[in-house]
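Written out below as structure tokens is the structure these notes cover.
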Amino acid sequence: MNKVHVENLHKKFGELHVLKGIDLDVEESEVVCLIGPSGSGKSTLLRCLNLLETPTSGTVIVDGTELTNAKIDINKVRENIGMVFQQFNLFPHLTVLENIMLAPVDRGKFTKEEAEKKAMELLASVGLSEKRDEYPKNLSGGQQQRVAIARALCMEPDIMLFDEPTSALDPEMVGEVLNVMKKLASEGMTMIVVTHEMGFAREVCDRVLFMDGGVIVEQGPPQEVFLNPQEDRTKDFLNKVL
Amino acid sequence: MSYGELLHSCYQVLLTGLALTMKMTAFSLIFAIILGMISCFFSISRFRVLRAISRIYVDVIRGTPLLIQAFFLYFGLTRALNFRMDANTASIIALSLNAGAYLSEIFRGGINAVDKGQMEAARSLGMPYGSAMGKVILPQAIRIVIPSVVNQFIITLKDTSILSAIGMMELTQQGKLIVARNMRSFEIYGTIAIMYLIVITILSRILKIVEKRLNNE
């Protein structure tokens, strides 16, 4: 069964029609990259997958739960969908360790001791064990984003959504975040990544989706989309960014 | 009578007045914080009725002078509804309602000043709205609003002097009574001003320390 199934998804902000009928299926352990010009609806699509935006119409099914059904417990569903933001959004009043432990303890997923153990494992895996007691403001952007990834992973999600995770980083810090994401992909995590990192898309993704004007214009394995794009809009975009 | 003798003759009365001023301020602020929080949560609620209640409360209080609010409560309402209320009770109610409205706006501003991404991050982790508000947004909002809240505390302390008009025996009222007896308005009002100044200066210093503690925790 598909991890994510989206059917004829529309999203309007008032008069602005941002998503115009998106169909999307993502399999377990698949890594999908969303690329496209700004304003094309990539982030909005991603945010519809955990209901940070409410779809105007259409169906979104994640892990077998229909999100577009009003009766579901959205908090329960979100525990299963990790999200990483462009601006990291770490909690500035909490230490690194507290940032990671907050949600699992609050939701009763782990006891404090279990959560701390899990958090330390995750910090080790993103290479930041020694930063456990620092506040976010004392970390570099790349370090903050790695903590944000660890924070999302501590809920043990099945799916990870990345919303331009490296766009707010200084160039020399992009690599360290992409490496963590590559590792995650190799471990079999289902990932949907909105990105401007064409290198990452080419190297790590199983499938690239090119969006423009609220629709998916073209999709396929990265070699095909990047080397042999069929649509003019895709060619045009790739000419600009590559 | 020299200034020393004058002060000696009335310092006890002035200190009694100051004590009542402080007590009234403290009680009013406790109620005002509660009222302000309720009104603030109403104002950010998704229910239109609650938002309207908060809006009307804040607009009415901000749009009318404290003195009129106190007169309306102490003379008007008691007459219309035919019941008795002592000056201290009326004063606490008026001050609480007044400071509560301003605090409501301060709190709302503080919550709105927290980056929207914070709520999104917390919700995306599966935290319900209440937990996200309590554990992520409010701790940050509190740090943001402290200077404005301290300011409101000082305003409320000084506003108690307005309630001398309905006969609350606080510092200003005690002073007025002394002046009425001996006409030494220059010395007495000067002394009272210095008393307010000392108390408020001490209070600001203490709150400044509290604020610093909270910020570099």
How many nm is it between the label spots at A:His10 and A:Lys240, if each spot is 7 Å from the Cα in line with the beta carbon?
2.7 nm
Cα gyration tensor shape for region B:143-184, rounded if a/c is under 1.5, else prolate or oblate:
prolate
For the protein assembly as shown (alpha-carbon point model, no solvent) the Debye-based log₁₀ I(q)/I(0) at q = 0.07 Å⁻¹ works out to -0.53
Any lysines whose Cα falls less than 25 Å from that of A:Lys240, other than same-chain ones fewer than 8 residues away, would be A:Lys20, A:Lys42
Leaving out ligands and nucleic acids, note down the accessible area per residue over region B:3-216 with a 1.4 angstrom probe, in whole Å².
53 Å²
Mean projected area (nm²) of the alpha-carbon convex hull when region B:3-216 is viewed from all directions
14.7 nm²
Summing -39500 (n - 2.57) over the DSSP H runs of n ≥ 4 in the protein assembly as shown and dividing by its residue number, what mean residue ellipticity at 222 nm do you reach, to the nearest 500 deg cm²/dmol?
-18500 deg cm²/dmol
So what's the angle, to the nearest 10 degrees on a 0 to 90 scale, between helix A:232-241 and the longest Cα principal axis of chain A?
40 degrees
C-alpha long axis of helix B:171-182 to longest principal axis of chain B, angle in °
10 degrees
What Cys residues in chain A are without a partner cysteine, judged by a Cβ distance under 4.7 Å?
A:Cys48, A:Cys154
Please state, to two decimals, what the Cα-based radius of gyration of chain A comes to when divided by 2.2 N^0.38 Å (N = residues).
1.01
Measuring from label point to label point, each 7 Å out along Cα→Cβ, what is the B:Val13 to A:Lys20 span in nm?
8.3 nm
Heavy-atom accessible area, 1.4 Å probe, ligands and nucleic acids excluded: residues of region B:120-136 down by at least 20 Å² from chain alone
B:Glu120, B:Ala121, B:Arg123, B:Ser124, B:Leu125, B:Gly126, B:Met127, B:Pro128, B:Lys135, B:Val136
By how many degrees, between 0 and 90 and to the nearest 10, does the Cα long axis of helix A:171-186 differ from the longest principal axis of chain A?
90 degrees
For chains A and B, what's the summed buried accessible area, probe 1.4 Å, to the nearest 100 square angstrom?
1800 Å²
Quick shape check on region A:35-139: root eigenvalues a ≥ b ≥ c of the Cα gyration tensor, a/c under 1.5 is rounded, otherwise prolate if a/b tops b/c, else oblate, and it reads oblate
Among the aspartates and glutamates, select those whose C-alpha is under 14 Å from the C-alpha of B:Lys176, and discard any that sit fewer than 8 residues away in the same chain.
B:Glu187
Once you have a ≥ b ≥ c as the square roots of the Cα gyration tensor eigenvalues for region A:3-67, tell me rounded if a/c is under 1.5, and otherwise prolate or oblate according to whether a/b is larger than b/c.
oblate
Averaged over the residues of A:153-162, the number of partner chain Cβ atoms within 10 Å of each residue's own Cβ comes to 1
Where a Cα-Cα gap under 30 Å defines reach, which lysines qualify for A:Lys118, not counting those fewer than 8 residues away within the same chain?
A:Lys3, A:Lys76, A:Lys109, A:Lys131, A:Lys137, A:Lys182, A:Lys183, B:Lys116, B:Lys135
On the accessible surface of region A:9-74, probed at 1.4 Å, how many percent belong to carbon and sulfur atoms?
45 percent
Can you give the Rg and Dmax of region A:53-92 based on its C-alpha atoms, in angstrom?
12.5, 37
Taking the Cα centre of each part, how many Å lie between region A:130-192 and region B:106-124?
22 Å
Distance between Cα centroids, region A:193-242 to region B:190-209: provide it in whole Å.
66 Å
Grab the other residues whose beta carbon is less than 15 angstrom from that of B:Ala26, score K and R as +1, D and E as -1, and report the net.
0
For region A:97-142, run through the GluC sites (Glu not before Pro) and keep only the ones in DSSP coil with at most 16 other Cβ atoms within 10 Å of their Cβ.
A:Glu134
What part of the accessible area of region B:3-216, given as a whole %, is carbon or sulfur when the probe is 1.4 angstrom?
68 percent
Compare B:Leu29, B:Leu177, B:Leu163 in a GNM of chain B, Cα atoms joined below 10 Å, and give the one with the largest fluctuation.
B:Leu177
Delta accessible area of at least 20 Å² on complex formation, residues of region A:85-106, 1.4 Å probe, chain isolated as reference:
A:Phe85, A:Asn89, A:Phe91, A:Pro92, A:His93, A:Leu102, A:Ala103, A:Asp106
Can you give me the C-alpha center-to-center distance between region A:57-109 and region B:16-52, rounded to a whole angstrom?
34 Å
With N set to the residue count of region B:93-217, report its C-alpha Rg divided by 2.2 N^0.38 Å to two decimal places.
1.48
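The values are calculated or read from the model by the stated rules, or taken from the named source; none is laboratory data. All figures in this text were calculated on a predicted structure; none of them were measured in a lab. With ideal geometry, Cβ positions are generated from the backbone for all residues, glycine too; neighbour counts draw on all protein chains shown. Keep in mind that these areas ignore ligands, DNA and RNA; they rest on the heavy atoms of the full protein, side chains included. Shrake-Rupley method; radii C 1.70, N 1.55, O 1.52, S 1.80 Å.
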